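S.K.: Okay, handing you the structure first.
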Amino acid sequence: MREKLAAQLYTLRNELKKDFPGTLRELKKMGWQAVQIDGLHGNDPREIASVMDELGLQTAGMHVGLERMKHDLPAVLEEARLFKTRDFICHSLPDELMNPEGYRSVREALRQVAGQVTSLGFRAGYHNHDFEFHTSMNGQYALDYVLELDAENPVYAEIDTYWVKKANVDPLAYIQQYAGRMPILHLKDMTADERRYFAEVGSGIIDFIPIIRWGEASGVEWYAVEQDYCPGSPMDSLALSFENLLRMEPEIKRK
């Protein structure tokens, strides 16, 4: 399991703006084997890819905006090739698309992108928040509608445990429908108090042992650890999540 752990770089967005290569080096020293790209903050992708190659850091997919997918796809694919990843994932939606008409357009756009890249060996995906659970489409959550399987133009799930829990849905029960369709799973915990805020993995109320057991049996290739906002140093938060996950590993492997 530990070789599948990846640090989602959105967690370190402020640090990356100051020193992208140095931040990657710190993550490697911490023990991470992979990162998930979330913007390059003005850096040349070739230079960042070179640093990652030097460090032996793998890429657990890239987060990109839907508009980039639609209008800048050749550049997205070139970055994916540079970072040696098959996966690029729509990370969020603007407010104006969080309605039935918007979700219909998002589903169609993602399927069109998938139709262009699947034969090339790439996978287009979608990362959820809680807002997709607030709209019903054809009797299902808008998230399920967006991710409904089109075998010819498959759009892959990247489910975020925190946001599912935030929507008052059980993360373990929810992800089961995406077995074999979720190469990357986002691990993010929630505080036990009334704020229900972001927490380091293993320090909150989500039980990750059965979730990761399910992932190991269901085709998950990467577990991307993200914390949107941290009470102190984001690097310390990632370190704590990493240590907690490693402590869980013996129990995860126990049958």
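The values are calculated or read from the model by the stated rules, or taken from the named source; none is laboratory data. All figures in this text were calculated on a predicted structure; none of them were measured in a lab. Virtual Cβ from ideal backbone geometry, glycine too; neighbours counted across all protein chains shown. What goes into the accessible areas is simple: the full protein's heavy atoms, side chains included, and nothing from ligands, DNA or RNA. Shrake-Rupley method; radii C 1.70, N 1.55, O 1.52, S 1.80 Å.
S.K.: Just one of (1) 1.03; (2) 0.94; (3) 0.96 is Rg/Rh (Cα atoms, Kirkwood Rh) as worked out from the coordinates here. Which one is it?
M.R.: Checking each listed value against the structure points to (2).
S.K.: On to the next question. Keeping the other protein chains in place, figure out the carbon and sulfur percent of the accessible area of the chain, with a 1.4 Å probe. Please list the in-between numbers first.
M.R.: Values: 5340 of 11170 Å².
Result for the chain: 48 percent of the exposed heavy-atom area is carbon or sulfur.
S.K.: Also: What lysines could a cross-link reach from Lys165, if we take a straight Cα to Cα line under 18 Å and drop same-chain neighbours fewer than 8 places away?
M.R.: Straight-line reach from Lys165, under 18 Å: Lys188.
S.K.: Considering only the chain, what is the antiparallel percent among its DSSP beta bridges, to the nearest 5? Don't skip to the end; give the middle numbers.
M.R.: Numbers: 4 of 29 bridges.
Of all bridge pairs located within the chain, approximately 15 percent are antiparallel.
S.K.: Skip the ligands, DNA and RNA, and give the accessible area per residue of the chain with a 1.4 Å probe, whole Å². Provide the component values of the computation, followed by the final result.
M.R.: On the way: 11170 Å² over 255 residues.
Accessible area per residue, the chain: 44 Å².
S.K.: Sort the following peptides by mean Cβ neighbour count (other Cβ atoms within 10 Å, averaged over residues), highest first: 141-148, 221-228, 120-127.
M.R.: Working: 141-148: 21.1, 221-228: 23.1, 120-127: 19.2.
For the peptides 141-148, 221-228, 120-127, the packing ranking is 221-228, 141-148, 120-127.
S.K.: When a/c reaches 1.5 or more, the comparison of a/b and b/c decides; with that in mind, is the stretch 128-255 rounded, prolate or oblate per its Cα gyration tensor? All intermediate terms of the calculation are to be shown ahead of the outcome.
M.R.: On the way: a/c = 2.00, a/b = 1.35, b/c = 1.48.
Oblate.
S.K.: Can I ask one more? Under the rule of -39500 (n - 2.57) per DSSP H run of 4 or more residues, summed and divided by the residues of the chain, what mean residue ellipticity at 222 nm is obtained, to the nearest 500 deg cm²/dmol?
M.R.: Details: 11 runs with 109 residues, N = 255.
The helix contribution divided over the chain gives -12500 deg cm²/dmol.
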